[in-house]
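The numbers here are math on the coordinates, done by the rules we state, and not lab data. Bear in mind the structure is a predicted one, so any value in this text is a computation, not a measurement. Cβ: placed from backbone, ideal geometry, glycine included. Neighbour counts: every protein chain shown.
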Amino acid sequence: MEHERIARDPAVMRGKPIIRNTRVTVEQIVRECAHGLSPKEIAENYPRLQPEDVLAALAFAADCLAKQASIAAE
């Protein structure tokens, strides 16, 4: 599962998936979406993010859940 805007580095945020070249985790973004913030609002809270980064984080999270569900079904 390749996502061009998402990176993992054991030296950054303990290896959690992050938006490339930032310290903003996919988890942070998903949590902020769960609290009702829009991609634009989240990007405004993190000057290095673009709304497309937020959408990429959500797509990554969805792919992770889909993969986890298919593994559990096996």
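Could you give the angle, 0 to 90 degrees to the nearest 10, between helix 51-73's Cα long axis and the longest principal axis of the Cα atoms of the chain?
Roughly 20 degrees between the two axes.
Report the residue, chosen from 62, 11, 34, that carries the largest GNM mean-square fluctuation when the chain is represented by alpha-carbon nodes joined by springs under 10 Å.
11
Projected onto the charge dipole of the stretch 1-49 (+1 at Lys/Arg Cβ, -1 at Asp/Glu Cβ, origin at the Cα centre), which of 11, 34, 46 gives the Cα projection farthest towards the positive end?
11
For the stretch 14-30, just list the computed ³J(HN,Hα) in residue order, Karplus coefficients 6.51, -1.76 and 1.60, θ = phi - 60°, integers in Hz, with x standing in for Gly and Pro.
Those phi angles translate into 6, x, 5, x, 10, 6, 3, 6, 9, 10, 8, 8, 4, 4, 4, 5, 4 Hz.
Per residue of the stretch 5-10, in order, report the coupling 6.51 cos²θ - 1.76 cosθ + 1.60 (Karplus, θ = phi - 60°) as ³J(HN,Hα) in whole Hz, putting x for Gly and Pro.
Residue by residue, the stretch 5-10 yields 8, 10, 9, 9, 9, x Hz.
Using Cα-Cα distances under 8 Å and only pairs 6 or more residues apart, what relative contact order does the chain have, in percent?
26 percent
For the stretch 33-46, just list the computed ³J(HN,Hα) in residue order, Karplus coefficients 6.51, -1.76 and 1.60, θ = phi - 60°, integers in Hz, with x standing in for Gly and Pro.
Once θ is set to phi - 60°, the couplings for the stretch 33-46 become 5, 5, 8, x, 6, 7, x, 5, 5, 5, 4, 5, 6, 10 Hz.
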